[in-house]
Amino acid sequence: FPNPLNNKTVIKLNLSQESYVKINVYDIIGNKISVLQNKLLLQGNHEFNYDASSLKNGIYFCKISIDNNSYTKKLVVIH
C-alpha cells in the first residue's frame, strides 16, 4: 500500500507463529534490487517501510517468503 507508489510504501504482515521471513524487491528482469528482511520474526503484526525514491519509474516485484511459502506482489513506481 499504496500502489502505484511514488516514493514510499508499507508492507504489512501478520504472522500466526514465529517464522523465517525474507522480503526482496526485484526489477522486471529478475535482478534483486533490495533486501527488506531476512530473519526469524516473532508471531504478531509487522510493518516494513520501503523507500523507492531511488528507483526509476517502472514495474518491480516484491517477493515475500515465509518459511516454505512465498508470495509475489507487483509494485508500480511512478515519480
Taking protein heavy atoms only, a 1.4 Å probe, and rounding to whole percent, the accessible area of the chain owed to carbon and sulfur comes out at 48
For the chain, run through the trypsin sites (Lys or Arg not before Pro) and keep only the ones in DSSP coil with at most 10 other Cβ atoms within 10 Å of their Cβ.
-> LYS56
When the convex hull of the Cα atoms of the chain is projected onto a plane and the area is averaged over all directions, what value comes out in nm²?
-> 4.8
Compute the relative contact order of the chain as a whole-number percentage, counting only Cα pairs closer than 8 Å that sit 6 or more residues apart in sequence.
-> 38
For the chain, dividing by residue count, accessible area per residue (probe 1.4 Å) in Å² works out to 68
Spin-label model distance (nm) - SER16 vs ASN69, 7 Å beyond Cα toward Cβ | 0.7
Can you work out ³J(HN,Hα) from phi for every residue in segment 25-41, in order, using Karplus 6.51 cos²θ - 1.76 cosθ + 1.60 and θ = phi - 60°, giving whole Hz and x for Gly and Pro?
-> 10, 10, 7, 5, 9, x, 6, 6, 9, 8, 10, 8, 7, 7, 6, 6, 10
Pop a pseudo-label 7 angstrom from the Cα along the beta-carbon direction at both SER53 and VAL76 and give the gap in nm to one decimal.
-> 2.4
Starting at the first residue of segment 48-62, write each ³J(HN,Hα) from the Karplus equation 6.51 cos²θ - 1.76 cosθ + 1.60 with θ = phi - 60°, in whole Hz, x for Gly and Pro.
-> 10, 8, 10, 9, 9, 5, 8, 7, 6, 4, x, 9, 10, 10, 10
Note: TYR26 to ASN7 extended length (0.36 nm per residue) minus current alpha-carbon separation gives 5.2 nm
Karplus-derived HN-Hα couplings along segment 5-11 (A = 6.51, B = -1.76, C = 1.60, θ = phi - 60°), whole Hz, x at Gly and Pro = 10, 9, 10, 9, 9, 10, 10
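The values are calculated or read from the model by the stated rules, or taken from the named source; none is laboratory data. The structure displayed is predicted, hence computed values, not measured ones. Neighbour counts run over all protein chains shown; Cβ positions are idealised from the backbone, glycine included. These area figures cover heavy atoms from the full protein model, side chains too; ligands, DNA and RNA do not enter into them. Shrake-Rupley method; radii C 1.70, N 1.55, O 1.52, S 1.80 Å.
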